[in-house]
1. Return the residues of the range 21-66 that are within 20 Å of the chain's Cα centre (by Cα) and on the phi > 0 side of the Ramachandran plot; say none if nothing qualifies.
2. May I ask you to list the residues in the range 224-243 that are among the hydrophobic types (A, V, I, L, M, F, W, C) and touching a strand residue (DSSP E or B) at 6+ places or on another chain (Cβ under 7 Å)?
3. Would you check if I221 is part of a helix (DSSP H, G or I) and either surrounded by 15 or more Cβ atoms within 10 Å (Cβ to Cβ) or not aromatic (F, W, Y) (or both)?
4. Looking at T4, T68, which one is among the β-branched types (V, I, T), in contact with a Pro (Cβ under 8 Å, 6 or more places away or on another chain) and not in a helix (DSSP H, G or I)?
5. Looking only at the range 1-20, which residues are farther than 20 Å from T160 by Cβ and either under 21 Å from the mean Cα position of the chain (by Cα) or among the β-branched types (V, I, T) (or both)?
6. Can you tell me how many residues within the range 185-218 are aliphatic (A, V, I, L, M), within 17 Å of the chain's Cα centre (by Cα) and part of a helix (DSSP H, G or I)?
7. Residue by residue through the range 215-241, note down the ones that are of a type in the set (D, E) and in contact with a Gly (Cβ under 6 Å, 6 or more places away or on another chain).
8. Please enumerate the residues belonging to the range 131-162 that are buried (at least 16 other Cβ atoms within 10 Å of the Cβ), assigned to a loop (DSSP other than H, G, I, E, B) and aliphatic (A, V, I, L, M).
Amino acid sequence: MNVTLTPDQIREIAAAHELARRTVVPIDPVTRTFPDMTLDDAYAVQAAWIELQVADGAIVKGHKIGLTSRAMQMAMKIDEPDFGALFDYMFIESGAAISAADYLDPKIEVEFAFVLGERLDRAGVTAADVYAATDHIVPALELIDARSHRVHPLDGRARTVRDTISDNAADAGIVVGDEWISPADAASGMLRWAGAICTRNGIVEETGLGAGVLGDPVMGIVWLANRLHGLGIPMEAGETVLAGSFTRPVDCRAGDEFHADFGPLGALTLSVTE
């Protein structure tokens with residue numbers, strides 16, 4: 001581990017992110033103050049923020065994987081995905097409405113989510129291991145947000161991957177569908193060719209296939225299981241794991257109506273109010 005920040009600095013940065021989430025007032029990206037911080041520093045901040053929220057009553061219900069596309073990794077100057085935690089308060093029913101005023105810079109991404117039926121905590125996890133531990137897979141939307149400025153208003157500087165990781169990998173919410181995909185069907189390779197059409201206010205904004213996630217969404221789960229095992233963090237039975245987006249993020253604005261059509265796998269909807 002290459003952690004350069006002090007424990008007090010890590011706790012202060014985590015608390016600042018939580019205050020930004022609660023007050024809906026963005027903070028400066030961490031790298032503006034600590035330009036030499038490492039990825040390990042960023043994950044230490046994220047872990048401290050998770051601990052802070054759990055201490056305040058939030059319950060970890062799963063994980064999310066981000067930066068799974070090659071294009072996004074190159075743009076962020078990183079050669080692997082990132083990850084964050086899903087909390088109980090983040091789960092939103094399809095057809096529900098969210099308030100834009102509750103978020104700082106909300107966006108929607110289209111994904112698949114794996115719901116685990118067994119604990120996954122060992123080295124060298126393979127796709128077969130993931131399928132064996134999975135109860136079912138569902139279409140999903142991820143709501144992402146930015147508690148620190150994505151683009152700083154003073155100089156237009158974009159935040160880095162270290163800022164995003166510190167910000168719980170930008171995680172803010174998840175919408176899951178009712179159509180279950182069995183691990184056996186997914187293991188046949190169907191998720192590579194499963195896709196969605198995402199419309200906002202009746203206009204197609206994004207389309208994509210599951211193969212956009214590391215070639216197959218299951219590979220996102222494989223990567224995360226091995227990464228977390230190396231950190232001593234098990235993936236528990238009952239947890240929901242977002243495998244990574246296969247579309248670009250779409251801005252959420254007050255008055256927007258989202259519809260994600262997964263074809264035979266159903267559809268998800270989400271409304272955005274003031």
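Each reported figure results from applying straightforward, stated rules to the coordinates on display, with no laboratory input. Predicted model only: the values in this text are computed from it and were never measured. Methodologically, a virtual Cβ is constructed for each residue, glycine included, from the backbone with ideal geometry; neighbour enumeration extends over all protein chains shown.
1. Once the filter is applied, which keeps residues that are within 20 Å of the chain's Cα centre (by Cα) and on the phi > 0 side of the Ramachandran plot, the range 21-66 yields V24, G62.
2. L224, A225, L228, M235, A237, V241, L242, A243
3. yes
4. Within the list T4, T68, the selection yields T68.
5. Of everything in the range 1-20, those that are farther than 20 Å from T160 by Cβ and either under 21 Å from the mean Cα position of the chain (by Cα) or among the β-branched types (V, I, T) (or both) turn out to be T6, A15, E18, L19.
6. Number of matching residues: 1.
7. Matches in the range 215-241: E239 only.
8. Across the range 131-162, the qualifying residue is only A146.
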